[in-house]
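K.L.:
Here it is: the structure, laid out below.
No lab work stands behind these numbers, since they all come straight from the coordinates. Since the model is a prediction, treat every value here as computed from it, not as a measurement. In this analysis, Cβ positions are derived from the backbone assuming ideal geometry, glycine residues included, and neighbour counts consider all displayed protein chains.
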Amino acid sequence: MSEERPIGVIGVGWVGLVTAACFAELGRRVIGMDIDDDKVKALNRGRVPIHEPGLEELLRRNRERLEFTTDMDDVLDSGRLLFCCVDTPPTYSGDADLSQIQSVLSQLKDGGDHALVMKSTVPSGTGRAIRRGAPGLAYVSCPEFLREGSAVDDFLHPDRVVIGADPGDEWAADAVEEIYRPVGGEIVRTDVASAEMIKLAANAFLATKISFINEIANVCEEVGADVTEVARGMGLDKRIGPSFLRPGVGYGGSCFPKDVSALKMLAGNTGYHFQLLTAVIEVNELQKRRVIAKLEKHLGTLAGKKVALLGLAFKPETDDMREASSLVLASRLQGEGAEVRAYDPVAEDRAGQLLPTVEMCASVEEALEGADAAVLVTEWPEFADLDWDSLRGRMSRPLVVDGRNFLDAERLRKAGFAYEGIGRPSGNGAQAQAAATESSTASSGVESRPD
Ligand code: UGA
């Protein structure tokens with residue numbers, strides 16, 4: 001029976017590795033394949049190449065059920081269900097780049113008795129095209145909904161598992177359903193095109209929710225409302241729900257920016273203009289840049305000012321820098337002439353490669369030494385308990401821009417800081433405001449903008 005053969009996982013990047021480890025945790029034997037020889041060697045030696053909470057332990061605990069190889073024949077010889085987890089990055093046109101999937105397909109030859117289970121995010125229509133091109137191959141769409149930083153938990157406790165198959169491939173969909181049954185969550189059995197669309201639509205909707213609350217936050221700033229109160233009041237309506245209503249410096253990562261753009265392009269390629277997503281993308285781009293005006297309000301010109309970024313990864317609990325808002329923000333700050341330094345608990349190496357002119361610091365204290373402002377970009381839990389009373393003494397000016405509304409504004413103000421959040425009233429006492437602005441006006445000769 002198919003379930004007694006090892007499960008093949010093709011591509012052991014972030015999705016593939018979490019998938020392989022969780023299948024093993026469910027008691028399945030797994031053979032993971034990747035073209036990256038170094039990665040495969042490291043995994044076979046028990047080393048985990050990415051930062052994902054709980055993953056290392058899972059891999060260690062289930063080692064005897066896991067094997068990694070660079071040879072596709074190893075996978076084809078033993079596995080029947082082949083979970084495809086290769087990358088589908090955006091191309092210059094905004095479409096998804098399917099070349100890695102094409103490369104996998106070219107190695108599957110006639111399909112044998114295999115079923116390809118697509119976990120990579122692909123445009124709606126891809127599965128049917130693959131099925132037409134490889135008639136011997138069964139095909140199942142099983143999109144993943146894992147979040148980086150909580151992927152293991154999401155996998156083992158899903159809200160739902162979507163399994164799409166077209167007529168003739170029910171046996172493969174049944175086999176996938178059986179693998180997933182122990183984790184619970186509603187199983188959504190549907191056709192391939194709908195399963196593909198569920199994934200894109202879910203990500204696009206969540207991104208829309210974020211851009212929506214970011215715009216509400218921006219309006220709150222104009223009218224003196226507090227967006228955290230507004231989001232709370234909105235989220236209690238069950239039809240809206242409280243999640244993904246946290247305003248900030250924009251969404252990033254390898255998924256939302258790519259999938260929103262891919263869905264927009266998918267629609268565009270059929271002749272349909274998805275206007276809403278055009279706005280979602282633009283709002284997100286502008287949101288990353290709004291920190292500049294908040295800093296200028298207190299510091300005047302940013303030329304020559306030292307700005308410390310706290311957190312660089314696109315969200316906490318990951319070292320992933322793909323489409324991180326910090327990349328745009330750091331470049332914008334440098335474009336204004338600021339000297340940018342940064343601290344991130346785990347993303348320093350990856351960030352250092354992408355931002356070679358930003359000074360990477362080993363601690364918050366080092367980053368804030370002599371700084372004119374601190375900008376919280378990623379809400380790492382360790383930033384919640386910083387001793388701002390003592391940090392104030394290190395900084396040239398007591399100014400904090402909280403890009404995630406994560407810090408305790410009152411505590412900061414009591415410590416003498418001028419505090420700027422996203423979509424919240426400034427409420428800075430005259431003293432803090434003056435402390436943050438006085439030397440800037442003196443040194444730059446530029447008037448700070450009125451509140
Ligand atoms: C997202 C989806 O949440 C997953 O369901 C999906 O499987 C995944 O994409 C994917 O397609 O692979 P992920 O990119 O890991 O997961 O991260 P999220 O936790 O969704 O956050 C994405 C971005 O939105 C982050 O930059 C985060 O800071 C931002 N965000 C999130 C907000 O700005 N506000 C919020 O309220 C929530």
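K.L.:
Once you list every other residue whose beta carbon is under 11 Å from the beta carbon of Leu146, what net charge do they have if Lys and Arg are +1 and Asp and Glu are -1? Can you show the working numbers first?
P.N.:
Working: positive: Lys119, Arg147; negative: Glu52, Glu144, Glu148, Asp153, Asp154.
Result for the local shell: -3.
K.L.:
I would also like to ask the following. Let me know the Rg and Dmax you get for the chain when you use only its Cα atoms, in Å.
P.N.:
24.3, 78
K.L.:
Placing unit charges on C-beta atoms (Lys and Arg positive, Asp and Glu negative, everything else neutral), compute the dipole magnitude of the stretch 3-55 about its Cα centre in debye, rounded to 20. Please list the in-between numbers first.
P.N.:
Details: 7 positive and 8 negative charges, 31 e Å.
That gives the stretch 3-55 a dipole magnitude of about 160 debye.
K.L.:
Kindly rank 172-178, 321-327 from highest to lowest mean number of other beta carbons found within 10 Å of each residue.
P.N.:
Result, highest mean Cβ count within 10 Å first: 321-327, 172-178.
K.L.:
Also, quick follow-up: How do Arg65, Arg404 rank when sorted from fewest to most other Cβ atoms within 10 Å of their own Cβ?
P.N.:
Ascending number of Cβ neighbours within 10 Å: Arg65, Arg404.
K.L.:
Give the span of the stretch 177-257's Cα atoms along each principal axis, as three whole-Å numbers ordered largest to smallest.
P.N.:
The Cα atoms of the stretch 177-257 stretch 53, 26, 18 Å along their principal axes.
K.L.:
Within a 10 angstrom radius of the beta carbon, how do Ile216, Ile163 rank from fewest other beta carbons to most? The partial results should precede the final answer.
P.N.:
Working: Ile216 17, Ile163 24.
Sorted ascending by nearby Cβ count, the order is Ile216, Ile163.
K.L.:
What does the net charge come to around Ile281 if you take all other residues with beta carbon closer than 15 Å to its beta carbon, with K and R at +1 and D and E at -1?
P.N.:
My count for the surroundings of Ile281 gives -1.
K.L.:
Please give the helix 170-180 orientation as an angle from the longest Cα principal axis of the chain, in degrees from 0 to 90, rounded to the nearest 10.
P.N.:
50 degrees
K.L.:
How much length, in nm to one decimal, is gained on full extension between Arg60 and Val219, taken as 0.36 nm per residue of separation minus their Cα-Cα distance?
P.N.:
52.3 nm
K.L.:
Helix 192-223 versus the longest principal axis of the chain: what is the Cα-based angle in degrees, 0 to 90, to the nearest 10?
P.N.:
Tilt of helix 192-223: around 10 degrees.
K.L.:
Could you tell me what % of all Cα pairs in the stretch 283-340 have separations over 14 Å?
P.N.:
55 percent
K.L.:
Taking the Cα centre of the chain as origin, work out the dipole magnitude from +1 charges on Lys and Arg Cβ and -1 charges on Asp and Glu Cβ, in debye rounded to 20.
P.N.:
Computed charge dipole of the chain: roughly 720 debye.
K.L.:
To the nearest 10 degrees, how steep is helix 430-444 against the longest Cα principal axis of the chain, on a 0 to 90 scale?
P.N.:
Tilt of helix 430-444: around 90 degrees.
K.L.:
So how much slack lies between Ala129 and Glu186, counting 0.36 nm per residue of separation and subtracting their Cα-Cα distance, in nm?
P.N.:
So the extension gain works out to 17.7 nm.
K.L.:
Then there is this: Once the piece of chain linking Asn269 and Ala362 is laid out straight, how much longer is it, given 0.36 nm per residue of separation minus the C-alpha distance between them?
P.N.:
Numbers: separation 93, 0.36 × 93 = 33.48 nm, distance 4.68 nm.
The Asn269-Ala362 span can extend by a further 28.8 nm.
K.L.:
On to the next question. What number comes out for the charge environment of Leu245, summing +1 per Lys or Arg and -1 per Asp or Glu over other residues with Cβ under 9 Å away?
P.N.:
On the way: positive: Lys209, Arg232, Arg246; negative: none.
In short, +3.
K.L.:
Amide H to amide H, which residues 5 or more places from Thr190 or on other chains are under 5 Å from it, using H placed in the peptide plane?
P.N.:
Ile163, Gly164, Ala165
K.L.:
Arrange Trp171, Trp388 by Cβ neighbour counts within 10 Å, fewest through most, would you?
P.N.:
Ranking Trp171, Trp388 by Cβ neighbours within 10 Å, fewest first, gives Trp171, Trp388.
K.L.:
Apply 1/(1 + (r/R0)^6) to the Cβ-Cβ distance of Ser93 and Asp38, taking R0 = 22 Å, and write down the FRET efficiency to the nearest 0.05.
P.N.:
0.10
K.L.:
So, by mean Cβ neighbours within 10 angstrom, what's the order for 287-295, 359-367, 112-120 with the highest one leading? Provide the component values of the computation, followed by the final result.
P.N.:
Values: 287-295: 20.1, 359-367: 16.0, 112-120: 21.9.
Output ranking for 287-295, 359-367, 112-120: 112-120, 287-295, 359-367.
K.L.:
For the chain, what relative contact order do you get, as a whole percent, if you take Cα pairs closer than 8 Å and at least 6 residues apart?
P.N.:
12 percent
K.L.:
Quickly rank 95-107, 334-346 as a protection proxy: mean count of other C-beta atoms within 10 Å, highest first. Intermediate results must be reported in sequence, preceding the final value.
P.N.:
On the way: 95-107: 16.8, 334-346: 19.3.
Ranking, from highest mean packing down: 334-346, 95-107.
K.L.:
Shifting gears a bit: For the stretch 201-351, with the dipole built from +1 on Lys and Arg beta-carbon atoms and -1 on Asp and Glu ones, taken about the Cα centre, which of Leu206, Ala303, Ala338 lies farthest toward the positive end?
P.N.:
Positive-end residue among those listed: Leu206.
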